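Heads up: the structure comes next, in structure tokens.
The values are calculated or read from the model by the stated rules, or taken from the named source; none is laboratory data. Quantities reported herein were computed from a predicted structural model and do not represent experimental measurements. We place every Cβ from the backbone using ideal geometry, glycine too, and count neighbours over all the protein chains shown. SASA here: full protein model, heavy atoms, side chains in, ligands and nucleic acids out. Shrake-Rupley method; radii C 1.70, N 1.55, O 1.52, S 1.80 Å.
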Amino acid sequence: MSTTQAVVLDIEGTTSPLAAVHDQLFPYARARVADWLAGHRDTPEATEVVEGVRAELGRPGASEAEVIATLVGWIDEDVKARPLKQLQGLIWHSGFQAGDLRGQVYPDVPVALKSWRAAGLGLHIYSSGSVAAQRDWFRHSDHGDLSGHLSGHFDLTTAGPKREAASYRRITEALGVPAAATLFLSDVTAELDAAVEAGWQAVGVQRPGEAPGPDGDHRWITDFSELTLP
């Protein structure tokens, strides 16, 4: 890890418990899909979401009721669809602002972020959740505002699917850091594989009690303190 210049982190299962997202954020958004779309009808944000769903379905004439049913179904199935991630981020933003939601991170995360940033490393988040949702998660965390440690954010729109090597190449281009000097931390083997295919370093994170377990030829850790970075 002596050549590492930038660290890119996944959120679910890596910096934060899976349950924090699935048991807190998903139900919060699910319960507000219909009301949010009705309350923001004809706004650019709502129009983008609705048209995005119609495009995904291949049905430009899909009714609002069909769009809502699709979005709710996607939440239940944890589908990584861009229109859904956009809408969730918008709904969650209101929840974070109101104090209804709070980002949860493992205790070792704030310590590591502070240490790595002090060492001159660029720290970035890459998650399926929207950039807006990522920022809210770390700005309103249960360990205070951690956003100042982060230099950038990437999501499905700005980088692409997390299991495709091309997405990591896009991030490399955006960061201006050599691929071989970029370290990716994730709990998903397929994402680690894609990062390595793009020339990155990759380390798996297996938090106690979380699944899936270690797989493939990657190194796996249970805590960020196990990493020795410059």
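Under a 5 Å amide H cut-off, with hydrogens placed 1.01 Å from N, Phe184 pairs with Val8, Gln201, Ala202, Val203 among residues at least 5 apart or on other chains.
Our coupling estimate for segment 108-118, obtained by passing each phi through the Karplus curve with A = 6.51, B = -1.76, C = 1.60 and θ = phi - 60°, is 6, 5, x, 5, 5, 4, 5, 5, 5, 5, 5 Hz, Gly and Pro reported as x. Residue-wise HN-Hα couplings along segment 22-35, as the Karplus relation 6.51 cos²θ - 1.76 cosθ + 1.60 with θ = phi - 60° gives them from phi, are 6, 9, 10, 6, 4, x, 4, 5, 4, 6, 10, 4, 4, 5 Hz; Gly and Pro carry x. In the chain, the DSSP beta bridges split such that about 5 percent are antiparallel, to the nearest 5.
Across segment 129-143, computed HN-Hα scalar couplings (Karplus, 6.51 cos²θ - 1.76 cosθ + 1.60, θ = phi - 60°) run x, 4, 4, 4, 5, 4, 4, 4, 4, 8, 6, 10, 7, 6, 10 Hz from first to last residue, x flagging Gly and Pro.
Within the same chain, lysines fewer than 8 places from Lys114 are excluded, and of the rest, those with a Cα less than 29 Å from its Cα are Lys85, Lys162.
Simple spin-label estimate for Ala118 and Thr47 gives 5.0 nm between the two label positions (7 Å along the Cα-to-Cβ direction from each Cα). Residues His153, His143, His22, sorted by accessible area with the largest first, give His143, His22, His153 [1.4 Å probe; ligands and nucleic acids excluded]. Dividing the helix sum by the residues of the chain, where each DSSP H run of 4 or more adds -39500 (n - 2.57), gives a mean residue ellipticity at 222 nm of -12500 deg cm²/dmol. Measuring between their Cα centroids, segment 1-71 and segment 143-190 lie 19 Å from each other.
Counting only protein heavy atoms and using a 1.4 Å probe, the accessible area of Asp23 comes to about 110 Å².
For the set Arg41, Arg163, the ranking by accessible area, highest first and with no ligand, DNA or RNA atoms included, is Arg163, Arg41 under a 1.4 Å probe.
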